[in-house]
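Scroll down for the structure; my scribbles are underneath it.
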Amino acid sequence: MTEKIHSTPLGEIHYWVNNNPIEEAKTLVFLPGLAADHTLFVHQIEYFSAHYNVLVWDAPAHGKSRPFQLAFDLEDIARYLHEILTI
């Protein structure tokens, strides 16, 4: 997994992706819940990354995505995830 950073006006979002060599591999996105970070999915990532593209993040104000200004809402989170997925 390669760690990447997505910058927003409120802070940086850390996320991790693999580079699956399978040309038509589908992408799985793991989104940790409230008070969790990317380490929640360590076993799933290990299992699925051989056959899929995998993305996992530390949501704003969680894990390595801290500090992060707490002036965001669910729409912002969806927009940030969309930006990451379409980079």
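Structural remarks
- Residue pairs whose Cβ atoms lie under 6 Å apart, separated by 6 or more positions or on different chains, with the first residue in segment 42-54 and at negative phi and the second in a helix (DSSP H, G or I) and modelled with pLDDT of 95 or more, are V54/I45; V54/F48.
- Residues in segment 33-59 that are touching a strand residue (DSSP E or B) at 6+ places or on another chain (Cβ under 7 Å) and open to solvent by less than 60 Å² (accessible area, probe 1.4 Å): H38, F41, I45, N53, V54, L55, V56, W57, D58.
- Number of residues in segment 49-61 that are modelled with pLDDT of 95 or more and either of a type in the set (A, V, I, L, M) or within 11 Å of the chain's Cα centre (by Cα) (or both) equals 8.
- Checked against (1) at positive phi; (2) in contact (Cβ under 8 Å) with a residue 40 or more places away in the chain, A35 passes all but condition (2).
- Residue, nearest to K26 (Cα to Cα), within segment 60-87, restricted to residues that are open to solvent by 90 Å² or more (accessible area, probe 1.4 Å) and in contact with a Gly (Cβ under 8 Å, 6 or more places away or on another chain): R66
The values are calculated or read from the model by the stated rules, or taken from the named source; none is laboratory data. Owing to the predicted nature of the structure, the values given are computational and were not obtained by experimental measurement. So basically every Cβ, Gly included, is an ideal-geometry build from the backbone, and we count neighbours across all protein chains shown. In case anyone asks, the SASA skips ligands and DNA or RNA and just uses the protein heavy atoms, side chains included. Shrake-Rupley method; radii C 1.70, N 1.55, O 1.52, S 1.80 Å.
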